[in-house]
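The values are calculated or read from the model by the stated rules, or taken from the named source; none is laboratory data. Keep in mind that what you see is a predicted model, and the values were worked out from it rather than measured. Note that each Cβ is placed from the backbone with ideal geometry, even for glycine, and that neighbours are counted across all protein chains shown. To get the accessible areas, we keep the full protein, side chains included, count just its heavy atoms, and leave off ligands, DNA and RNA. Shrake-Rupley method; radii C 1.70, N 1.55, O 1.52, S 1.80 Å.
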Amino acid sequence: MNIRVMKFGGTSLATIDHIIFASKKIINMTRNSKVIVVLSAMAGSTNSLVNQIKKINTLDSSESDLVLATGEQISCGLMSIYLNKEGIKSRTWTAWQVPIYTNNEYGKARIENIPKENILESFKYYDVAIVTGFQGISKENKITTLGRGGSDTTAVAMAAAFHAEQCDIFTDVEGVFTANPSIVPNAKKIDYITYEEMLEMASLGAKVLQTRSVELAMKYNITIQVLSSQIDKEGTFVVNDNKKMEKEVVSGISFSKDEAKVTVSGLLDKPGVSAGIFGSLAEANINVDMIVQNISQDGKTANVTFTLPQSELKKAVEVLEKIKNKINFQSLKTDEKVAKVSAIGMGMRSQAGVATKMFRVLGEKNINIQAISTSEIKISVLIDQDYTELAVRSLHSIYGLDI
Ligand code: ADP
Ligand code: ASP
Ligand code: MG
């Protein structure tokens, strides 16, 4: 059986007209395949559910997930009503009906297993299975959600479970661009990008795909195509390293304003201090990213600066205040007005001077670098958030990515 997986994001389902437009693409596909459609909630719907919950309490309970998961149910139902009216045999599937089993981490659950039998059986009678993205069912038999942007992950997981070779992700841009096109007007669409590059771009701030979806695609060797829901045109193919012949030194620039910086000052410069700080943060499940350490001129004390997601800052400060007496530091400073800007490219592995170019252009623009981190295929710098757009555009241009 030939099965296609098509996912539509919230902006592509913003109104009934959008839903009808998307449905027509699905109708075309039913001519030669059975289709699994994965839908997000209509644009803005998940945000307004988040706001409702926040009027009562924080998001961190399993009951929040029940609320958040409702948006997807509406878009799926509306699309199925339209398809059936047009004479296309379609039926809807919520996560518990499929079922999409996840772990119990409400709000950021991971998919563990998707039995195929129910949907396969339904394909005897129906041509389209419309599945709610973003949600799952936990071992405790409760609704979970997969984290914001999670419908991408649902779609790739469905492609993996049903052995589809490709997963088409329809969205409001024509593909993955060399930088966020709403910030960099000169950005261009990338035709092919490797899993590794896409993984870095997504985790460093390009929210066009949820990071987990790229991890899954890489694991199960599924080609993702990111393409426009409005224009009929090939999009970007996210593929294996060996399918992409040309390895640009820098393929794209990402940025994230969701970072926070913490500086712990006046630490005694002796063995075990870093272990004390970062061990305690790790125990609290806090992910630290960039780390810089410097020693005072008299050589006796040290300062440690690190970054972490803004959402974890409050928890991190609580952890550090608790161990203040144990590790003996003088002061703690935090800063949320920072941004992480990154250049990503497979070709960096074999090319020197990429970092120098970055530091030079930021220097010329008078942008101060507060921290640096690198991997084989990316360089990230932390800067003042006010300079984000300037930095992204300058780097995009210096690495020859402008149209
Ligand atoms: P959907 O609702 O379809 O899931 P998203 O808003 O999650 O759409 O993702 C698409 C958006 O991602 C684009 O509108 C764009 O603003 C943003 N984006 C950020 N970085 C990039 C990039 N490098 N290439 C393309 N889009 C990007
Ligand atoms: N509706 C969810 C969100 O807005 C999931 C998704 O759209 O992928 O994050
Ligand atoms: Mg999305």
Tell me yes or no: at least one residue of region 62-85 is away from ligand 2 (no atom under 16 Å from the Cβ), open to solvent by 60 Å² or more (accessible area, probe 1.4 Å) and assigned to a loop (DSSP other than H, G, I, E, B). no
May I ask you to verify whether K219 is assigned to a loop (DSSP other than H, G, I, E, B) and either touching a residue at least 40 places away in the same chain (Cβ under 8 Å) or open to solvent by 10 Å² or more (accessible area, probe 1.4 Å) (or both)? no
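Among the residues of region 324-345, what is the count of those that are part of a loop (DSSP other than H, G, I, E, B) and open to solvent by less than 20 Å² (accessible area, probe 1.4 Å)? Explain how you work it out, then say what you get.
In the first step, residues of region 324-345 are kept if they are part of a loop (DSSP other than H, G, I, E, B); the result is 328-330, 336-337, 345.
Restricting the remaining residues to those that are open to solvent by less than 20 Å² (accessible area, probe 1.4 Å) gives 329, 345.
Counting residues in region 324-345 that are part of a loop (DSSP other than H, G, I, E, B) and open to solvent by less than 20 Å² (accessible area, probe 1.4 Å) gives 2.
Which residue is nearest to ligand 1 (Cβ to nearest atom), if the candidates are limited to region 129-177 and must be acidic (D, E) and open to solvent by less than 10 Å² (accessible area, probe 1.4 Å)?
That would be D152.
Residues checked against (1) touching a helix residue (DSSP H, G or I) at 6+ places or on another chain (Cβ under 8 Å); (2) buried (at least 16 other Cβ atoms within 10 Å of the Cβ); (3) under 21 Å from T153 (Cβ atoms):
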| position | (1), (2), (3) |
| --- | --- |
| F8 | yes, yes, yes |
| A14 | no, yes, no |
| I26 | yes, yes, yes |
| V38 | yes, yes, yes |
| G44 | yes, no, yes |
| Q52 | yes, no, no |
Name the pairs whose Cβ atoms lie under 7 Å apart, with the first residue in region 186-201 and more than 17 Å from E174 (Cα to Cα), the second assigned to a helix (DSSP H, G or I) and within 16 Å of ligand 3 (Cβ to nearest atom), and 6 or more positions between them or separate chains? Y195/V214; Y195/A217; L199/T211; L199/V214; L199/E215
Say we look at region 364-392 and pick out the residues that are of a type in the set (A, V, I, L, M, F, W, C) and in a strand (DSSP E or B); which of these is most open to solvent (accessible area, probe 1.4 Å)? I372
Kindly indicate whether L395 is hydrophobic (A, V, I, L, M, F, W, C), under 19 Å from V264 (Cα atoms) and modelled with pLDDT of 95 or more. no
Being within 30 Å of T356 (Cα to Cα) and either open to solvent by 20 Å² or more (accessible area, probe 1.4 Å) or of a type in the set (F, W, Y) (or both) narrows it down to one residue among K189, K233; which is it? K189
Any idea how many residues of region 127-168 are under 24 Å from F237 (Cβ atoms), of a type outside the set (F, W, Y), in a loop (DSSP other than H, G, I, E, B) and away from ligand 3 (no atom under 14 Å from the Cβ)? 3
Given the options V249, V304, name the one that is part of a loop (DSSP other than H, G, I, E, B) and either within 30 Å of L401 (Cβ to Cβ) or free of Cβ contacts under 8 Å to residues at least 60 places away in the same chain (or both). V249
Filter region 195-216 down to the residues that are polar (S, T, N, Q) and crowded, with 22+ Cβ neighbours inside 10 Å and list them by number. Q210, S213
